[in-house]
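Participant: Mind looking over this structure? Questions follow.
The values are calculated or read from the model by the stated rules, or taken from the named source; none is laboratory data. Just so it is clear, the model here is predicted, and its values are computed rather than measured. All Cβ positions, glycine included, derive from the backbone under ideal geometry; neighbour counts span all protein chains shown. Side chains included, ligands, DNA and RNA excluded: accessible areas come from the protein's heavy atoms. Shrake-Rupley method; radii C 1.70, N 1.55, O 1.52, S 1.80 Å.
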Amino acid sequence: MSVEEKEIRKVDVYSRFLPELIIENAIAGEELANSAFGEQFHCAVMFADISGFTPLAERFSKEGAIGAEKLTATLNDYFSYLVELVREHGGDVVKFAGDAVLAIWQDGTDRRDLAFASWRAAQCGLKIQETLKDYEASGVQLKLRVAIGAGIVNIVHVGGVFNRWEFLLAGRPLEQVGVVSDEIEPGLVGMSSMCWELLEECTPATPMGAALTPKILELHSLEPIETRRNRPKIVLVDSQQALLRHYLPAAITHRLEAGFDDFLGELRRLTILFINLPDIDYATPVDIAQKIMVALQQSCYRYEGSINKLSVDDKGVSCLAALGLPPLSHDDDPDRGVKAAIAIQIALKDQGIRSSIGVSSGRVYCGVVGSSERREYTIMGDLSLIHISEPTRLLSIS
């Protein structure tokens, strides 16, 4: 294999860890990872959340390293189905939010385009439930809550400390799927009232189901629509490599730079920080979001931690940070985590930003999940203990 072929292959490996939404900007020749910026578009959003992961992880954890391998194989098999079905229906997997997937559909810019995007997202959700309804692993049945929302979404690119950039999707559709997911039972597809209005007004599709609340419709069937790819297959060249790597965590880049593109999942002891910013939403200006992200990055990096996930729902923006991820691990990570949390809270308070921060240490699953086409390095486990909602509080749990 020539040097050029190796470089192109490396870029292809990088691209598997990012959504098409980000990669398309690189193809268009736009400047990425140089300064904070935001953009806005119409889309349908699907949030698919796995139920049953925690008991499965607990069962496998008793088997040590072999159990971690089994868990990795199970998760990747499951997520491969999800990724392939999303792609077949024209969607783009934007993030793996722990044991969940966030995907979007873009068909155009007007209301009718948004209706067709919502139609395809809803049809994909029904197909996912049909395909995975009987999925069982080691005696544990995995089920999904699938929530569909639609509307205007903002994406902001923020950060830049040590050339590490993050992107965050925000907007009412993200709030919609958060509310829907909280209300529906595992095994169901729920749709926001916004989606229902679009389908009712702009397409012959007729959702069949029960209205759970004025804002949520439980979806059981839908008139079929042609499944198609919204985007052509993305082909990258080596000159775009640097643009992509700035969006990847060190746990990924240090292995890819060494020529390894296979990742082993592991049950690893980490110190986790869960930071909630209740006053930050899709209307927050980019310059303020940038100041917040720089404060988070500087405080985490000072203690050799890393930011793993950014997410937004009806409760505001949340950030998941961790200490102890490869390639950096320390015996005093719990102490470092508390110090990082205090530093974050002070930095945010200086900006007039309210926050609540939870800190916890324990064994969680760390590894790459997804398919050969789309994957992400993620942390999974029972993080419910560190979700606290009272602003300005810092809670430490050992």
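Participant: In the stretch 43-82, which residues have a backbone nitrogen under 16 Å from the label point lying 7 Å from residue 16's Cα in the Cα-to-Cβ direction?
Facilitator: Label zone hits: 72-82.
Participant: Quick one: 3J(HN,Hα) in Hz for the stretch 244-251, Karplus 6.51/-1.76/1.60 with θ = phi - 60°, rounded, Gly and Pro as x.
Facilitator: 7, 5, 5, 9, 10, x, 4, 4
Participant: Kindly rank 133-141, 302-310 from highest to lowest mean number of other beta carbons found within 10 Å of each residue.
Facilitator: Highest to lowest by the protection proxy: 302-310, 133-141.
Participant: If Lys and Arg each add +1 and Asp and Glu each add -1, what is the summed charge of the other residues whose beta carbon sits under 10 Å from the beta carbon of residue 329?
Facilitator: -1
Participant: Given the protein chains as shown and a 1.4 Å probe, how many square angstrom of residue 74 are accessible, to the nearest 10?
Facilitator: Roll a 1.4 Å probe over it and residue 74 shows about 20 Å².
Participant: Given q = 0.13, 0.16, 0.19 Å⁻¹, what are the Debye log10 I(q)/I(0) values for the stretch 49-123, with equal point scatterers placed on the Cα positions and solvent ignored?
Facilitator: Log-scaled intensity ratios, in q order: -0.51, -0.66, -0.81.
Participant: Still on this structure, I have one more. At 1.4 Å probe size, with no ligands or nucleic acids counted, give the accessible surface of residue 196 in Å², nearest ten.
Facilitator: 70
Participant: Once phi is turned into ³J(HN,Hα) by the Karplus curve 6.51 cos²θ - 1.76 cosθ + 1.60 with θ = phi - 60°, what whole-Hz value does each residue of the stretch 127-144 show in order, with x for glycine and proline?
Facilitator: 5, 4, 5, 5, 6, 10, 5, 10, 6, 9, 9, 6, x, 10, 8, 9, 10, 10
Participant: Could you sort 89-96, 321-328 so that the peptide with the highest average Cβ count within 10 Å comes first and the rest follow in order?
Facilitator: 89-96, 321-328
Participant: How many angstrom lie between the Cα centre of the stretch 304-329 and the Cα centre of the stretch 56-72?
Facilitator: After rounding, the separation between the Cα centres reads 23 Å.
Participant: Can you tally the net charge around residue 320? Count Lys and Arg as +1, Asp and Glu as -1, for every other residue whose Cβ sits under 12 Å from the Cβ of residue 320.
Facilitator: Local charge sum for residue 320: +1.
Participant: Could you compute the FRET efficiency for residue 193 and residue 40, with r as their C-beta to C-beta distance and R0 at 30 Å, rounded to 0.05?
Facilitator: 0.85
Participant: What's the FRET efficiency of residue 185 with residue 161 using the Cβ-Cβ distance as r and R₀ = 25 Å, to the nearest 0.05?
Facilitator: 0.05
Participant: Given points 7 Å out from each Cα along the Cα-Cβ axis, report the residue 65 to residue 88 separation in nanometres with one decimal.
Facilitator: Rounded to a tenth, the inter-label distance reads 3.7 nm.
Participant: Moving to a separate point now. Which of rounded, prolate, oblate describes the stretch 11-149, given a ≥ b ≥ c as roots of the alpha-carbon gyration tensor eigenvalues and a/c under 1.5 marking rounded, otherwise prolate only if a/b is larger than b/c?
Facilitator: oblate
Participant: I would also like to ask the following. Shape of the stretch 299-353 from its Cα gyration tensor (a ≥ b ≥ c, root eigenvalues): rounded if a/c is under 1.5, otherwise prolate when a/b > b/c, or oblate?
Facilitator: Since a/c reaches 1.5 but b/c is at least a/b, the shape of the stretch 299-353 is classed as oblate.
Participant: What does the charge count around residue 339 come to, taking other residues whose C-beta lies under 14 Å from its C-beta (Lys +1, Arg +1, Asp -1, Glu -1)?
Facilitator: Overall, the nearby charge balance is -2.
Participant: Tell me, Kirkwood radius of the stretch 129-187 from alpha-carbon pair distances, in Å?
Facilitator: Taking the inverse mean of 1/r over all distinct Cα pairs, the stretch 129-187 comes out at 14.3 Å.
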